[in-house]
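The values are calculated or read from the model by the stated rules, or taken from the named source; none is laboratory data. Given the structure is predicted, the values throughout are model-derived calculations rather than measurements. Backbone-built Cβ (ideal geometry, glycine too); neighbour counts: all protein chains shown.
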Amino acid sequence: MHQNMNHFYDQQDIEISLALKPCESKIKPIIVVRINNHVLFEGVLEDARTMSHRVDLMSNISISIGLMNKNYHNDPDSGVIIDSLEIDQFELIPSWTQLFSYINDHANNSPTNHLGYNGTWSLNIIEPFYRWQHKITGQGWLLEP
Amino acid sequence: MPLPNPKTFCPSPWFHMRILPSGELRYCRWIEDRKNSLTSTLTQDNFLEYFQKEMSHIRLKMLQGETVSACDQCHRMEEHGKISGREKQLLKVGIKVDNFKKTFVSSPFYNEFKASSEQNGDTELWPQDWQIDLGNYCNSACVFCGPDSSSRLAVEFKKLGLIDKMPPRNWTDDELAVDRFIETLAQSKRLAYLHFLGGETLITPAFKKILSKLVDRGLNKNISIGFTTNLTVWDDEITELLKQYKEVNLGMSVECFHHINDYIRWPSKIDGVFMTMERWIKIGKQQNWLIQFRITPTLFTVAHIQTIYEYAYENNVGVESCNFLHNPSFMRMLVLPMDVRQNIAEKLQYWINSKKSLFSKERIINTRNPNKVKDYILQDAMSYVEYLQNGPDESSSWPALVSYLKKLESSRGNTILDYAPEYESLLRSAGY
């Protein structure tokens, strides 16, 4: 093998893609979207938008969306809806909302893809993605050497 | 290490092995052709040497993308849309054929594959997933079975001149060997699953002994037990022992609820089989055990497997047919004439279609997922439709079949015509 040739396992990553949109409201939400400490978006979400980010195949994955500075009195309806979230084409939202934690100032922790309270909606995958996917999709044993 | 061939790679030699009834060792539970698999002078007493060193050339072949000839059963199953042992073993280490590259690298065993590729196939791992053939003690003498797996059939075969000598002694007859084996299991690293086969497991003394000794050692809290029974016997002591294990996978051997069972799984009677089955299902559901039918359809039972599928579907009991029947070749469903095969396939397809609204398109590899039982039943049934329609024509085997049946019937005093009169003309034309 040529010394500069990459091994098949050297250059593999996975794509995380998101589609968000603001709720119908006069005031648009202020959000911050992070994947593994990389800020994909920060500011006022004026319109629907998609975003994506690539991470190493074997890395842990931390995804979070924060909603900030919402004034419940002036702006009861504003918020953000996560239309879709896929990791390597595996659809997590809308199918798997129960896996995401939503810590907010109303202590409403029901599974949702609609963020209407100030707080952070997040998912932390603390092992390589495909091992995690194996477990959550009921693929049975995952033996360890 | 280059990427192995997704069509042939199997991780099984890194975590699985099998003990045959004689105590000989094999690297895979799905290999049917024993002559074509690795032979060893080693036995259960020194299985680690066999696993870590003698199996190295199999691991190397897997890593180098070679086709291992003994793996042809799995390749045949995949060809006909059946979930193969290879696919199941891949899944146990997190690898999926349809996303091979990424899941291979993500596998917890990836570094072990790399290490073996650099060490001539050797590994320092221990087997975690065992099939333990306890021996051939069996109260049944199924027509499609053999003397290595049925003591009753062995006696009959010897009497009829179908074999020259009796099979080797069961390794579990040697109590010291069983003790030594239990001792080495207790020392195993990451022991996960023991699947026991007979003969009939429930009448084999070593089954109860091993279950009991593993409980004494406290291993029952961490390992899963699987076993297969022919539904003709019951043992309260064994069921009580099983209740103490972390997980139990129970396989029930029966192909159909039709009186042809009484001929094929001689001398069992289908009414008694059904009663024992319901008893197992009841206790299994109480204990949250995984219960599955283990079917081995033959040319005489394939037309009736729908009876099992229907019961299983309605009662949410799994069905798992491990292999297409390999030996005896004249008992394969492919021996039926093409028009008969087509007719059976169409009826089975009709049954599948009657459930179609619930049939997921997803290919289910984890046959033990309780949420996918119904889908998997339909998938399994579909594999037989495909096999009946597209498998090779083996109808030239009728004379061999008839010769065999006549010998058995001379000993048993029965006749296939009482059970399968629809095949009379085929049987007669082949010399019956």
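Okay, residues lined up against (1) modelled with pLDDT of 95 or more; (2) over 26 Å from residue B:178 (Cβ atoms); (3) within 14 Å of chain A (Cβ to nearest Cβ):
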| position | (1), (2), (3) |
| --- | --- |
| B:63 | yes, yes, yes |
| B:69 | no, yes, no |
| B:104 | yes, yes, yes |
| B:108 | yes, yes, yes |
| B:153 | yes, no, no |
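Here the helices (runs of 4 or more DSSP H) wholly within the range B:301-420 that include at least 1 residues being closer than 27 Å to residue B:291 by Cβ are B:305-315, B:338-354, B:373-390. Note on the range B:320-344: residues that are within 27 Å of residue B:369 (Cβ to Cβ) and at pLDDT 95 or above total 0.
Set side by side, the residues B:214, B:197 differ, and just one is aliphatic (A, V, I, L, M), crowded, with 21+ Cβ neighbours inside 10 Å, in the same structural domain as residue B:251 (by TED's automatic domain parsing) and in contact with a Lys or Arg (Cβ under 9 Å, 6 or more places away or on another chain), which is B:197.
Taking the criterion of being without any contact (Cβ under 8 Å) to a residue 60 or more places away in the chain and either out of contact with any strand residue (DSSP E or B) (no Cβ under 7 Å at 6 or more places or on another chain) or not assigned by TED's automatic domain parsing to the domain that holds residue B:196 (or both), the residues of the range B:245-274 that qualify are B:255, B:256, B:257, B:258, B:261, B:269, B:270, B:271, B:272, B:273, B:274. The one condition from (1) within 17 Å of the chain's Cα centre (by Cα); (2) surrounded by 13 or more Cβ atoms within 10 Å (Cβ to Cβ) that residue A:142 does not meet is (1). Does residue B:53 qualify as being more than 14 Å from chain A (Cβ to nearest Cβ), assigned to a helix (DSSP H, G or I) and at pLDDT 90 or above? In short, yes.
When restricted to residues that are surrounded by fewer than 17 Cβ atoms within 10 Å (Cβ to Cβ) and among the basic types (Lys, Arg), the range A:121-139 contains 1. Restricting attention to the range B:110-132, the residues that are assigned to a loop (DSSP other than H, G, I, E, B) and either under 22 Å from the mean Cα position of the chain (by Cα) or more than 8 Å from every other protein chain (Cβ to nearest Cβ) (or both) add up to 9. Each residue in the range A:58-77 was checked for being in contact (Cβ under 8 Å) with a residue 60 or more places away in the chain and surrounded by fewer than 19 Cβ atoms within 10 Å (Cβ to Cβ), and 4 of them qualify.
Note on the range B:350-374: residues that are surrounded by fewer than 16 Cβ atoms within 10 Å (Cβ to Cβ) and at pLDDT 90 or above amount to 3. Could you list all residues from the range B:290-311 that are within 22 Å of residue B:372 (Cα to Cα) and among the aliphatic types (A, V, I, L, M)? Hits for the range B:290-311 are B:290, B:291, B:295, B:305, B:308.
The residue that is surrounded by the fewest Cβ atoms within 10 Å (Cβ to Cβ), among those in the range A:101-120 that are touching a Ser or Thr at 6+ places or on another chain (Cβ under 7 Å) and within 16 Å of residue A:19 (Cα to Cα), is A:112.
Taking the criterion of being of a type in the set (A, V, I, L, M, F, W, C) and surrounded by fewer than 22 Cβ atoms within 10 Å (Cβ to Cβ), the residues of the range B:69-102 that qualify are B:70, B:97, B:100.
Applying the criterion of being within 11 Å of chain A (Cβ to nearest Cβ) and either assigned to a loop (DSSP other than H, G, I, E, B) or touching a strand residue (DSSP E or B) at 6+ places or on another chain (Cβ under 8 Å) (or both) to the residues of the range B:79-102, the residue that is nearest to residue B:47 (Cα to Cα) is B:89. Just one of the listed residues (A:80, A:55) is surrounded by 18 or more Cβ atoms within 10 Å (Cβ to Cβ) and more than 14 Å from chain B (Cβ to nearest Cβ), namely A:80. Hey, any hits in the range A:98-106 for a residue that's among the acidic types (Asp, Glu) and within 14 Å of another protein chain (Cβ to nearest Cβ)? There is no residue in the range A:98-106 that is among the acidic types (Asp, Glu) and within 14 Å of another protein chain (Cβ to nearest Cβ).
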